[in-house]
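What follows is a single structure, written as structure tokens, with notes after it.
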Amino acid sequence: MNGVLRKPYCADSGSDHCVVSRKMLRELEVESGKTMKISKLDFPVDGRAVGGHVVCSEKPIDLKLQLCTAAGVVEIENLIENPVECLIINDDDDEFILGTDVLKALGIDVDRQLEQLSRNSHDDGKDTYADVADKRTEIPDISAIMEQLIALVDKAIEFWFYVAHRQERDDLVRKYDIWRMDLRNDLPASVEPYKIRLKPDAKPYRCKTRKYAPAQSNSMREFNRKLVELGWVYRNQSSRWACPALPVRKPGSNEFRQTCDYKPVNAMTEPLAGTMPNLNTKLKCTKDKKHYGLFDFIKGFWQLPLAKNSQEILSYETDEGGFTPTRVPQGSCDAAIHY
């Protein structure tokens, strides 16, 4: 530490952050002959130590670290811009806790490696999200869409639309490129991006690491893999914001849908002065009408763009890490009004 104090370290504790005890800091001050500069966290960080007792840290310190390994010395400060931020705990522990943030800076992700190892008997161990950032899905099947549009016009004529207007209706349904059998990586809707305005005293919120049942975890993994492939979210392990992703069982099935608990962010958001449309009022416009059409706006929220400076704020956390959306997710304070 700082080139003067050598201590044993634990590299596989599972801690998200590096942890140093008060005892080690006192020894470091003696060895260096300098008083350590300690800052204060905006929010205390709680953790659970071996044995189950809770430890709390309110103050961090920046240290330059070297790791002595069988292959030689690793200079951590050369791999990232600044010295490593370490949490201070009131303890006399003589072992330095190396955080996963440092391990990942070195290209080591223990959880991911163990997960891949456990799945070796079932697949090839490849990263679920590898190589999808630039992956483009195939273009829409135009012939299948045209078949559906022809069937749509046929059905309209079956229900008493004039046959003489057939060509007019064919031209109408083909006029705009708005039809899909399922959503793909098309551009977002051509509307103003959704923007979040935070209250003046708002501070970043990040939930604790999530744990789910195997069935829930598998469902969410596949769901987020698809979102990443479509470009609607991207993996973001460095986000300062993260609300919990929650799996909700679909009624009458064993499948789950993913929701996000944005209550902490919503509490820090200045809401729009708007109201939701009143269905009873809107239905008055249908008085004396004879024909009605139903259009399914597939995953409507996901089609709306999210402003760049609002994306990190709506990040969410699963058991596989953090994700940041590029489209409007449901659950955000003003998403429904914006929609």
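The table below lists the values:
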read-out: Which listed residue is buried (at least 19 other Cβ atoms within 10 Å of the Cβ), outside any helix (DSSP H, G or I) and aromatic (Phe, Trp, Tyr), from PHE295, PHE323, PHE301; value: PHE323
read-out: Candidate set from the stretch 179-192 (those that are among the hydrophobic types (A, V, I, L, M, F, W, C) and at pLDDT 80 or above); member that is surrounded by the fewest Cβ atoms within 10 Å (Cβ to Cβ); value: LEU187
read-out: Any hit, the stretch 224-239, residues being surrounded by 11 or more Cβ atoms within 10 Å (Cβ to Cβ), over 26 Å from CYS333 (Cα atoms) and assigned by TED's automatic domain parsing to the domain that holds SER315; value: yes
read-out: Residue in the stretch 245-259 that is under 20 Å from ARG327 (Cβ atoms), in contact with an Asp or Glu (Cβ under 7 Å, 6 or more places away or on another chain), outside the structural domain of PHE43 (by TED's automatic domain parsing) and not in a loop (DSSP other than H, G, I, E, B) present; value: yes
read-out: Selection within the stretch 311-339 - more than 13 Å from GLU192 (Cα to Cα) and small (Gly, Ala, Ser); value: SER315, GLY321, GLY322, GLY331, SER332, ALA336
read-out: For LYS284: the one exception among (1) modelled with pLDDT of 85 or more; (2) not in a loop (DSSP other than H, G, I, E, B); value: (1)
read-out: Options ALA144, ALA164: the member that is of a type in the set (A, V, I, L, M, F, W, C), at pLDDT below 80, farther than 30 Å from LYS308 by Cα and outside any loop (DSSP other than H, G, I, E, B); value: ALA164
read-out: Neighbours by Cβ (under 8 Å, 6+ apart or cross-chain): first from the stretch 36-47, among the aromatic types (Phe, Trp, Tyr); second in a loop (DSSP other than H, G, I, E, B); value: PHE43/LYS203
read-out: Whichever residue in the stretch 287-307 is within 22 Å of the chain's Cα centre (by Cα) and hydrophobic (A, V, I, L, M, F, W, C) and, among such residues, is modelled with the lowest pLDDT; value: ILE298
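The values are calculated or read from the model by the stated rules, or taken from the named source; none is laboratory data. These numbers come from a predicted model, not from an experiment. Glycine also receives a Cβ, built like all others from the backbone with ideal geometry; neighbour counts cover every protein chain displayed.
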